[in-house]
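These notes concern the structure reproduced below.
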Amino acid sequence: MNTVRAVLFDLDETLFDHSHCVAQAVGQLRRDHAGLQSRPLDEILAEHRRLLEIMHLEVLAGRLHPDQARIDRMRGLFSYCGAGISGELAMESAALHRERYRAAQRAVPGAHELLAELRRHGVKIGIVTNNLLDEQKGKLAVCNLDSHIDALVTSEQYGCTKPDPELFRIALRRLGCEAGDAVMVGDSWEVDILGAQNAGIRPVWFNRFELAPPDDSTEQLKALEPAAAAARVILKI
Ligand SMILES: [Mg+2]
């Protein structure tokens, strides 16, 4: 049996609790504006997720500035609820959204302990993420995860995005590890699981919201804690 030498992680929604931050920020926005109370919070969050997915790709491609994307998302949420929003309110809401998102930043429960446990087993840790370098560095620092990370590989630095196998190969090169000795852990089936498979890396699907798996042959992790149990699934020990 192969010994795992490196574990690659996705960051957003895998180690970093992005959906918690969005729920806090959008929840407060909805409490502040009666116009947003025509729809339940979970529907507004689903619409936010949909808008973010589209706009994030535009931001990564350099076609949309992150600040403008945030303003457009605020406009999108108001219009989804049938409420009007002035240009001034859209800008103000976008700034507040960013502030509240940042104030709510936290790691996914168990992330810190799992990384420490994996390092005790002598494996290197890499992050492979479709996002901006400064943004991701900031999240790792705020969540106190940065001391566990051997390589942070962002799509912004290398101009390619998951599921392109090249981004995974860059991470492996930086860690001095072959694909067959690595594991990739991520929450997105399309991006993390299929991308890892394309690069010849064994994937582990982090499925904390208990979605239906597209296939039954990929290993799943439903929580990062307890650390010893999660490490057993990742390292196959
Ligand atoms: Mg993710």
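Of the residues making up segment 81-100, at least one is within 26 Å of Tyr158 (Cα to Cα) and either touching a Gly at 6+ places or on another chain (Cβ under 9 Å) or of a type in the set (D, E, K, R) (or both).
Evaluate the following for Ala141: is it among the small types (Gly, Ala, Ser) and farther than 27 Å from Leu64 by Cα?
Working: among the small types (Gly, Ala, Ser): yes; farther than 27 Å from Leu64 by Cα: no.
So Ala141 does not fit the description; no.
A quick yes/no check of all residues on (1) part of a loop (DSSP other than H, G, I, E, B); (2) buried (at least 18 other Cβ atoms within 10 Å of the Cβ); (3) touching an Asp or Glu at 6+ places or on another chain (Cβ under 9 Å):
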{"site": "Ala116", "(1), (2), (3)": "no, no, no"}
{"site": "Gly122", "(1), (2), (3)": "yes, no, no"}
{"site": "Ile125", "(1), (2), (3)": "no, yes, yes"}
{"site": "Val128", "(1), (2), (3)": "no, yes, yes"}
{"site": "Glu135", "(1), (2), (3)": "no, no, yes"}
{"site": "Gly138", "(1), (2), (3)": "no, no, no"}
{"site": "Glu166", "(1), (2), (3)": "no, no, no"}
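Scanning segment 1-33 for residues that are more than 16 Å from the ligand (Cβ to nearest atom), surrounded by 16 or more Cβ atoms within 10 Å (Cβ to Cβ), assigned to a loop (DSSP other than H, G, I, E, B) and of a type in the set (A, V, I, L, M) yields a count of 1. Asn2 fulfils the conditions (1) modelled with pLDDT under 95; (2) farther than 25 Å from Ala151 by Cα except for a single criterion, (2).
So in segment 183-192, with the set limited to residues that are within 11 Å of the ligand (Cβ to nearest atom) and of a type in the set (A, V, I, L, M), which one is farthest from Gly122 (Cα to Cα)? Spell out the reasoning first.
Taking segment 183-192 and keeping what is within 11 Å of the ligand (Cβ to nearest atom), we get 185-192.
Now drop any that are not of a type in the set (A, V, I, L, M), which leaves 185, 191.
Numbers: Val185: 17, Val191: 27 Å.
Checked segment 183-192; the qualifying residue farthest from Gly122 (Cα to Cα) is Val191.
Can Glu210 be described as under 20 Å from Val123 (Cα atoms) and surrounded by fewer than 18 Cβ atoms within 10 Å (Cβ to Cβ)? Step through it out loud before you land on a result.
On the way: under 20 Å from Val123 (Cα atoms): no; surrounded by fewer than 18 Cβ atoms within 10 Å (Cβ to Cβ): yes.
Spelling it out, it is not the case that Glu210 is under 20 Å from Val123 (Cα atoms) and surrounded by fewer than 18 Cβ atoms within 10 Å (Cβ to Cβ).
Under 8 Å between Cβ atoms, which residue pairs at least 6 apart in sequence (or on different chains) link something in segment 76-88 that is assigned to a loop (DSSP other than H, G, I, E, B) with a partner that is of a type in the set (Ser, Thr, Tyr)? Filtered contacts from segment 76-88: Cys81/Ser38; Gly82/Ser38; Ala83/Ser38; Ile85/Ser79; Ile85/Ser93. Of all the residues in segment 191-201, those that are crowded, with 19+ Cβ neighbours inside 10 Å and not hydrophobic (A, V, I, L, M, F, W, C) number 2.
Exactly one residue out of Leu45, Leu36, Leu60, Leu96 is modelled with pLDDT of 95 or more, buried (at least 17 other Cβ atoms within 10 Å of the Cβ) and within 27 Å of Val142 (Cβ to Cβ): that is Leu45. Within this structure, Arg173 fails the test of being within 15 Å of the ligand (Cβ to nearest atom), out of contact with any Cys (no Cβ under 8 Å at 6 or more places or on another chain) and not in a strand (DSSP E or B).
The values are calculated or read from the model by the stated rules, or taken from the named source; none is laboratory data. All values reported here derive from a predicted model rather than from experimental measurement. Positions of Cβ are generated from backbone atoms using ideal geometry, with glycine treated the same way; all protein chains shown enter the neighbour counts.
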